[in-house]
1. When only residues in segment 100-141 that are hydroxyl-bearing (Ser, Thr, Tyr) and surrounded by fewer than 18 Cβ atoms within 10 Å (Cβ to Cβ) count, which is nearest to the chain's Cα centre (by Cα)?
2. Only residues that are charged (D, E, K, R) and either in contact with a His (Cβ under 8 Å, 6 or more places away or on another chain) or closer than 18 Å to ALA159 by Cβ (or both): list them for segment 23-60, please.
3. State all residues of segment 84-109 that are assigned to a loop (DSSP other than H, G, I, E, B) and not acidic (Asp, Glu); if no residue qualifies, say none.
4. For SER219, state whether it is over 21 Å from GLY20 (Cα atoms) and of a type in the set (Gly, Ala, Ser).
5. For segment 433-487, which positions are aromatic (Phe, Trp, Tyr) and within 17 Å of ALA409 (Cβ to Cβ)?
6. Residues that are small (Gly, Ala, Ser), surrounded by 15 or more Cβ atoms within 10 Å (Cβ to Cβ) and farther than 30 Å from ASN137 by Cβ: does segment 31-42 have at least one?
7. Filter segment 443-469 down to residues that are more than 18 Å from GLY487 (Cβ to Cβ) and either surrounded by fewer than 20 Cβ atoms within 10 Å (Cβ to Cβ) or acidic (Asp, Glu) (or both), then give me how many there are.
8. For the subset of segment 209-240 comprising residues that are within 18 Å of LEU307 (Cβ to Cβ) and touching a Leu at 6+ places or on another chain (Cβ under 8 Å), which member is surrounded by the most Cβ atoms within 10 Å (Cβ to Cβ)?
Amino acid sequence: MSYLVLARKHRPATFSQVVGQEHVTATLAGAIASGRVAHAFCFTGPRGVGKTSVARILAKALNCQQGPTDQPCGVCVHCREIDEGRAVDVQEIDAASNSRVEDVRELREVIRFRPQSARHRVTILDEVHMLSKAAFNALLKTLEEPPEHAVFILATTDAHKVPLTILSRCQRYDFRRLAPRVLTEHLAGVCQAEGFDLPPESLALLAREADGSVRDSLSLLDQVLSVGRQGLRHQDVVQLLGLIDHEMVWRTAEAVLAADAGQVLELVSRVYAAGGEMQAFYGALMEHFRNLAAAKSAPPGADLFGLTAEEIAELSRQAQAHSPETLHEIFDHLAAGEEMFRRASQPRLVMEMTLLKLTQVRPVLALDEIITRLAAGAEAPGQAVPRAVADPQPAAVQSPSVQPAAAKAMPSPETALRQLAEFVGRGEPVFGSYLARAVAAGRGDGLAITMPPGPAARYCNAEHEAKLSAAAADLWGAPRAVSLTPGREEPPPPPTRQTLEQVSGVAEHPAVRVAMEVFEAEVVAINPIEQK
């Protein structure tokens, strides 16, 4: 085929053309310029960020007829052969399909011979982590003391799978994922070079879907441009790639925050009917609520989202009407249900029920606001303060005003704790489950709650005490003082005299004494055979 895909057509040919990896290219260029080039390199990082491309550029820089130079000419015979993949002295080996020890032994024999025409014999081992243990061992000595004409470049997406004995013999360079903004600018330049014009929001969408990979973003762009016509709208791009329309994500989030259950079900149905992947839609919702929470906390102008300026403005508008605590609560529910959603045989039903549950989440007030209300004696959240209302009477007769409704009496500590656990568990099921296992005692007109020992101790703070006080106001008409204390784990009972005598007697047995000496052990417990 004569057509060359964009990922190959726009592959960088010099260090200056590499996108987003300046920390790597600048170091390599400096090493070449100063003549301090190592004999082994390890390039690690996510897929599609330029590891193999930089390896080829390094091979050209070392073998260029004008070099070694940090700016290979690209026109000499060696540069052209490396670009075209037919250089005899530059081997690019896929370690995934050449992982046996025999392959490495054959490579060692080839490395011994001087290059045929180039200055260096360069070996690029792609996906090197796929080599077998025996193959790594066979490579060790050659990698440590190779011939002076040999240069090794190892590339991998999983550096933690490469033995430390290999890594210690290489100079390691970590390639980064590209920020969505950088990828968007790169895609815009490619579109301009190809003579196409796409909406900015479409380019931003491609950059987000590529997850920091230049190759993935160019593959997606190639698929869009294959339509072969100008004037594509953003909606056309979404349909062409089968992606989740972010407008549907935004509208679904708006419906959840507005507690509009009917709109939530309608939007999920539309995404499902359009062939959208429910798992991708669920993940997009989680990311959106993360962005909403970040928009409440991040300083203006922070590049945390990879969105266009218009999308960031809309994100800030949607987040402005809700407290950070509410957004965190919704995200926690989505994160808690993610594993169940992944295992579900009917993901659409699980998503609908999860989102319906989220529409029942009550807005959570900030801790400062709760404390301010309680200190000022104002109404508790969700509870209106009754006012005295005077009955109209003739002017000559003055009727006393109606007194405020008295607060309900708090039930017994056990009943009060059970009611609090049920009430709080609707919004915070984990906190509610710990309360259900706690112990309560009366303290004045309030409660002293001792939480179960262990992880429940993280709820013993002023924030959750204020939440329980506000919940008490909803249940019994007035806030109550609630204290939370972590429980203590009971120490094991001391051994009885009979147990000590049994242990001492067993330890004197000849067979047991031999076992204790061999294994340097001691007798800690005696279990009768009938109990096993």
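The values are calculated or read from the model by the stated rules, or taken from the named source; none is laboratory data. Keep in mind the model is a prediction, meaning the values are calculated, not measured. For neighbour counting, all protein chains shown are included, and Cβ atoms are generated from backbone atoms with ideal geometry for every residue, glycine included.
1. Among residues in segment 100-141 that are hydroxyl-bearing (Ser, Thr, Tyr) and surrounded by fewer than 18 Cβ atoms within 10 Å (Cβ to Cβ), the one nearest to the chain's Cα centre (by Cα) is SER132.
2. Correct list: ARG47, LYS51, LYS60.
3. Hits for segment 84-109 are GLY85, ARG86, ALA87, VAL88, ALA95, ALA96, SER97, ASN98, SER99, ARG100.
4. Considered against the rule, which asks whether it is over 21 Å from GLY20 (Cα atoms) and of a type in the set (Gly, Ala, Ser), SER219 comes out as no.
5. TRP476
6. no
7. Residues that pass the stated criteria total 5.
8. Only one residue tops the list, namely SER217.
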